[in-house]
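Values quoted throughout were computed directly from the atomic coordinates according to the rules given, and no laboratory measurement underlies them. Remember, predicted model here, so these are calculated numbers, not experimental data. Using ideal geometry, Cβ is built from the backbone for each residue, glycine included, and neighbour counts are taken over all protein chains shown.
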There are 2 protein chains.
Amino acid sequence: MEVFIIGIGLIGGSLAKDIKKQHPEATIHGIDINEGHLDEALEIGLIDAKATRADLVKADWVIIGIPVDALTQELGGILDAVPDDALVLDMGSTKEQICALVADHPKRRNFLACHPIAGTEFSGPSAALEGLYAGKTMIICEVEKTAFKLQEKALELFREIGMRVRYMNPVAHDKHIAYVSHLSHISSFMLGKTVMEKEKNERDIFDMAGSGFESTVRLAKSSPAMWAPIFRQNKTNVVETLNEYIQNLQAFKNLVEQGDFEGMYNEMEATNRIKDILNGIPILNK
Amino acid sequence: MEVFIIGIGLIGGSLAKDIKKQHPEATIHGIDINEGHLDEALEIGLIDAKATRADLVKADWVIIGIPVDALTQELGGILDAVPDDALVLDMGSTKEQICALVADHPKRRNFLACHPIAGTEFSGPSAALEGLYAGKTMIICEVEKTAFKLQEKALELFREIGMRVRYMNPVAHDKHIAYVSHLSHISSFMLGKTVMEKEKNERDIFDMAGSGFESTVRLAKSSPAMWAPIFRQNKTNVVETLNEYIQNLQAFKNLVEQGDFEGMYNEMEATNRIKDILNGIPILNK
């Protein structure tokens, strides 16, 4: 079993760990434009060997965990390079562009469009975690466009590493994920920015920060190289979520300005229902 | 040692637990307008007895953990009711109004204005946690206005339960805390609201939510009864932080709309510095 991981960071590296655990006989090959990451991945045992695009000719599996802009540039060539029975899957946080891009590729049936709802705010090979995917959701788009045998192969792996699978069309995926993921990241980055700007003049402001602040700005530690391409590709949806979010903030600000106690209270009480919703998310309640 | 806890929820109840642990001989009296909470507190052993305002005549300690609007209504009367050597301290999240309110009270020297940077998104007696305050910051305002002996008494308790102490003036406190606490709560509430509004029509949106979303909306579970009064009392500062936050979101939205990759990247990279800042917050790194 020859597995190629293209992009050996948090996402690809964590999957490498899980595959190695389930399939000790597998050889994990790493491909990465960052030579330092590749050396590190080899050193910490994430991969068995360094490889290049030319080696893909012997691939059984190709797993692509690179920023979505690089993904759109590379996927066509990767599909060209693999054998006829190889399975190529991506792990990108946007799905519409990538699915459109390879719609007519002669090896479209070798490709499975995936998005694992898993991760941390860290990046690079050292961020890879065994068991990252256990209990998490794998979203698969346009499953019908992938060869049956390869669908089965992928589902078997996802089952082995403890994932639950949801099928969506790529347009709905990009729209929904803008709300529950992309918007959270921007809200967190801008919150961090707002407080840091203040801190320039107010040195001990962070001395007053508690776990609530930490929780809301955690995502502001995320990798810009990964997120800038996501926001660019999912522009329309991201802008829509931002408009709605800004509108809601503006409305709440008006309530504060007017000292409208009841209005503030009601808004917060209505939003408290998020408790039940979060409790209903299986991946958060393992 | 006769300790009166007024408001026996997350904040007061947690302190009751810590005091009982450090001073098993202390009698903890509970006062609460919510009779159900009082019964619950007695049942789970947070307090030894139920009490009323009239019992304050025998108090050594009075700890007030009630919403800040109730606090401004009650503090004067509480000070009137306690003996001359009692220590009264509040735990409110705003300090300017409360300090101004009692500035000329004949028992001003019996009062210590406190704000513990500790808590969770839960509330009520059952939310009380032993050790909640260990390693956390206690902000004290206008310490010089409290009698020496009572200052010492309070500091001794804070030391016993593992808190570090920071002194600030109430105006600076309210300004800074708006950034690192109040704004986080509003950003979280409005994020929850934005996504829930979308969910009305898109049932499976939350199926796609991961731990990043959970982290950014955690504070939206917080108690409106506690937070609406805070936002009302700290109106000017809260509106200022919201203006800056909305401005930053708007600017980022423009970058997304313009497809300005470099602009987005730079904003996020600059904000990544929050990593070092968060690592530098001792309470988050025990």
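Take the alpha carbon atoms of the stretch B:133-180, find their center, do the same for the stretch A:182-219, and report the distance between the two centers in whole angstrom.
Cα centroid to Cα centroid, the span is 22 Å.
Ignoring solvent entirely, what values of log10 I(q)/I(0) come out of the Debye formula for the stretch B:2-169 at 0.14, 0.17 Å⁻¹ when each Cα is a single scatterer?
-0.64, -0.99
Under a GNM of chain B (C-alpha, springs under 10 Å), which listed residue has the highest mean-square fluctuation: B:LYS136, B:LYS149, B:LYS20?
Maximum fluctuation in the GNM of chain B, among the listed residues, is at B:LYS149.
In a GNM of chain B with a 10 Å cut-off on Cα contacts, which of B:GLN151, B:GLN258, B:GLN233 has the highest mean-square fluctuation?
B:GLN258
Counting partner chain Cβ atoms within 10 Å of every residue's Cβ in B:223-232, what's the average?
Numbers: counts 3, 10, 3, 1, 3, 12, 3, 1, 9, 7.
Per residue, the number of nearby Cβ atoms from other chains is 5 on average.
Under 14 Å from the Cβ of A:LEU46, count the other residues' Cβ atoms, weight Lys and Arg +1, Asp and Glu -1, and hand me the total. Before the final figure, lay out each step's value.
On the way: positive: A:LYS17, A:LYS20, A:LYS21, A:LYS50; negative: A:ASP18, A:ASP32, A:ASP39, A:GLU40, A:GLU43, A:ASP48, A:GLU130.
That sum, taken over residues with Cβ under 14 Å, equals -3.
May I have the convex hull volume per residue, in Å³, for the Cα set of the stretch A:79-133?
Numbers: hull volume 6.4 nm³, N = 55.
Looking at the stretch A:79-133, the number lands at 116 Å³ per residue.
Just rank B:SER126, A:SER93, B:SER215, fewest to most, by other beta-carbon atoms within 10 angstrom. Before the final figure, lay out each step's value.
Details: B:SER126 14, A:SER93 27, B:SER215 19.
Ascending number of Cβ neighbours within 10 Å: B:SER126, B:SER215, A:SER93.
Which entries in the list B:LYS21/B:LYS149; B:LYS50/B:LYS221; A:LYS95/B:LYS200; A:LYS200/B:LYS17; A:LYS50/A:LYS175; B:LYS107/B:LYS235 go over 32 Å, if you measure between the two C-alpha atoms of each? Walk me through the numbers on the way to the answer.
Details: B:LYS21/B:LYS149 23 Å; B:LYS50/B:LYS221 29 Å; A:LYS95/B:LYS200 23 Å; A:LYS200/B:LYS17 39 Å; A:LYS50/A:LYS175 37 Å; B:LYS107/B:LYS235 28 Å.
From the list (B:LYS21/B:LYS149; B:LYS50/B:LYS221; A:LYS95/B:LYS200; A:LYS200/B:LYS17; A:LYS50/A:LYS175; B:LYS107/B:LYS235), the Cα-Cα distance tops 32 Å for A:LYS200/B:LYS17; A:LYS50/A:LYS175.
Under the definition of Cα pairs under 8 Å and six or more residues apart, what whole-number percent is the relative contact order of chain A?
17 percent
Calculate the all-directions average of the projected area of the protein assembly as shown's alpha-carbon convex hull, and give it in nm².
26.8 nm²
Largest first, please: the extent of the C-alpha atoms of the stretch A:1-72 along each principal axis, to the nearest Å.
Rounded to whole Å, the extents work out to 32, 25, 18 Å.
For the stretch A:89-209, what is the relative contact order in percent, using Cα pairs closer than 8 Å and at least 6 residues apart in sequence? Walk me through the numbers before you get to the answer.
Working: 121 pairs, mean separation 30.5, N = 121.
Reported relative contact order: 25 percent.
Would you kindly calculate the translational diffusion coefficient of the stretch B:173-284, applying Stokes-Einstein with the Kirkwood radius from alpha carbon pairs, for 10 °C and a viscosity of 1.306 mPa s, and quote it in µm² s⁻¹ without decimals? Can you show the working numbers first?
Working: Rh = 16.2 Å.
Using the Kirkwood radius from Cα pairs, D works out to 98 µm²/s.
Comparing B:LEU42, B:LEU191, B:LEU87, which has the greatest mean-square fluctuation in the GNM of chain B with Cα pairs linked when under 10 Å apart?
Most flexible of the set in this elastic network: B:LEU191.
Pop a pseudo-label 7 angstrom from the Cα along the beta-carbon direction at both B:ALA54 and B:GLU35 and give the gap in nm to one decimal.
1.6 nm
Checking the a/c ratio against 1.5 first, then a/b against b/c, what shape does the Cα gyration tensor give for chain B?
prolate
According to the square roots a ≥ b ≥ c of the eigenvalues of the Cα gyration tensor, what is the shape class of the stretch A:95-208, taking rounded for a/c under 1.5, prolate for a/b larger than b/c otherwise, and oblate for the remainder?
Working: a/c = 3.17, a/b = 2.05, b/c = 1.55.
Prolate, because a/c is 1.5 or more and a/b exceeds b/c.
Taking K and R as +1 and D and E as -1, what net charge do the other residues with C-beta under 12 Å from the C-beta of B:GLU144 add up to?
That sum, taken over residues with Cβ under 12 Å, equals +2.
Compute the FRET efficiency between A:GLU25 and B:ASP276 as 1/(1 + (r/R0)^6), taking r as their Cβ-Cβ distance and R0 = 35 Å, and round to the nearest 0.05. Write out the running numbers ahead of the final one.
Working: r = 43 Å, r/R0 = 1.22.
For R0 = 35 Å, the calculated efficiency reads 0.25.
Could you pull out every one of the aspartates and glutamates with an alpha carbon less than 14 Å from that of A:LYS58, ignoring same-chain neighbours closer than 8 positions?
A:GLU2, A:ASP80, A:ASP84, A:ASP85
With Cβ to Cβ distances under 10 Å as the rule, what net charge do the other residues near B:ASP84 carry (K, R +1; D, E -1)? Mind dumping the intermediate values first?
Working: positive: B:LYS107, B:ARG109; negative: B:ASP85.
With Lys, Arg at +1 and Asp, Glu at -1, the net is +1.
With both partners inside the protein assembly as shown, how many of the DSSP beta bridges are antiparallel, as a percent to the nearest 5? Before the final figure, lay out the partial values.
Details: 10 of 56 bridges.
In the protein assembly as shown, DSSP labels about 20 percent of beta bridges as antiparallel.
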